[in-house]
1. Only one residue in L122, L154, L76 is of a type in the set (A, V, I, L, M, F, W, C), free of Cβ contacts under 8 Å to residues at least 24 places away in the same chain and under 28 Å from T38 (Cα atoms), so which one is that?
2. Pairs, please: C-beta under 8 Å, at least 6 apart or cross-chain, first residue at positive phi and in a loop (DSSP other than H, G, I, E, B) and in segment 125-147, second buried (at least 17 other Cβ atoms within 10 Å of the Cβ) and aliphatic (A, V, I, L, M)?
3. Would you check which residues across segment 68-83 are of a type outside the set (G, A, S) and outside any strand (DSSP E or B) and list them?
4. Consider D56 carefully, then state whether it is acidic (D, E) and in contact with a Phe, Trp or Tyr (Cβ under 9 Å, 6 or more places away or on another chain).
5. Please tell me if V65 is under 22 Å from I139 (Cβ atoms), touching a strand residue (DSSP E or B) at 6+ places or on another chain (Cβ under 7 Å) and not in a helix (DSSP H, G or I).
6. Working only within segment 45-84, note down all residues that are touching a Pro at 6+ places or on another chain (Cβ under 9 Å) and farther than 18 Å from K27 by Cβ.
7. Right, A109: in a strand (DSSP E or B) and at pLDDT 95 or above or not?
8. Considering only residues of segment 125-155 that are among the β-branched types (V, I, T) and under 13 Å from A173 (Cα atoms), which is modelled with the highest pLDDT?
Amino acid sequence: MKKVILVAGFAVMFSLGAMSQKVYATKTGQISFDATGTCAEAIKATNNQVDSKFVDKSGQIVFSVLIKGFKFANALMEDHFNENYMESTKFPKADFKGFITNIASVNFAKDGIYEVSAKGTLTIGGKGKEITVPGTITIDNGKPTIKANLSIPLTDFIHGSYIGSQISSNAKATIVCKYE
């Protein structure tokens, strides 16, 4: 009988510990990028349909975005992006899966800006690469917002045969996700 009570006690403590984790989520995050090289026209796009989740205790984080969700000022540029470079029919999504390595430094009960770093795999066009991304988590009234800037080497991910001087060799990306 004592063993049953002890096992039940551990099970309750374990489940309470697991329940105390909070999963934050959004489907309206934003990723913008700028890959302008020497071209007279800016090569910029924004996607406002970023799906992201992260766990406050473990720091596990996931971002997922539909490639066709990137909108350009120039429709022809958007077509070239999807058809010639990203092959978005064949590779419809890009994602990042990893962990915020210093999540313990974020006090979710106290408003403020916290420097963080995420390490994981960025997958674009079916190609995955381990990366580390610095960023911030801002806590405002108990709700977190993640912001990060990163440079993405296009030759690591792009399928198009022509990446010349008109397109930068690195796309500068900005991520902003407000979580509930």
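The values are calculated or read from the model by the stated rules, or taken from the named source; none is laboratory data. Bear in mind the structure is a predicted one, so any value in this text is a computation, not a measurement. We place every Cβ from the backbone using ideal geometry, glycine too, and count neighbours over all the protein chains shown.
1. On the way: L122 fails: free of Cβ contacts under 8 Å to residues at least 24 places away in the same chain; L154 fails: free of Cβ contacts under 8 Å to residues at least 24 places away in the same chain.
After ruling out the rest, the residue left standing is L76.
2. G125/M86; G125/A94; G125/I158
3. Within segment 68-83, K68, F70, F72, N74, L76, M77, E78, D79, H80, F81, N82, E83 qualify.
4. On the way: acidic (D, E): yes; in contact with a Phe, Trp or Tyr (Cβ under 9 Å, 6 or more places away or on another chain): yes.
Here the answer is yes, as D56 does meet what is asked.
5. Numbers: under 22 Å from I139 (Cβ atoms): no; touching a strand residue (DSSP E or B) at 6+ places or on another chain (Cβ under 7 Å): yes; not in a helix (DSSP H, G or I): yes.
Criteria not met by V65.
6. Within segment 45-84, D56 is the sole residue that qualifies.
7. Details: in a strand (DSSP E or B): no; at pLDDT 95 or above: yes.
Answer is no for this residue.
8. To start, the set of residues in segment 125-155 that are among the β-branched types (V, I, T) comprises 131-133, 136-139, 145-146, 152, 155.
When the remaining residues are screened for being under 13 Å from A173 (Cα atoms), the result is 133, 152.
Values: V133: 97, I152: 94.
Checked segment 125-155; the qualifying residue modelled with the highest pLDDT is V133.
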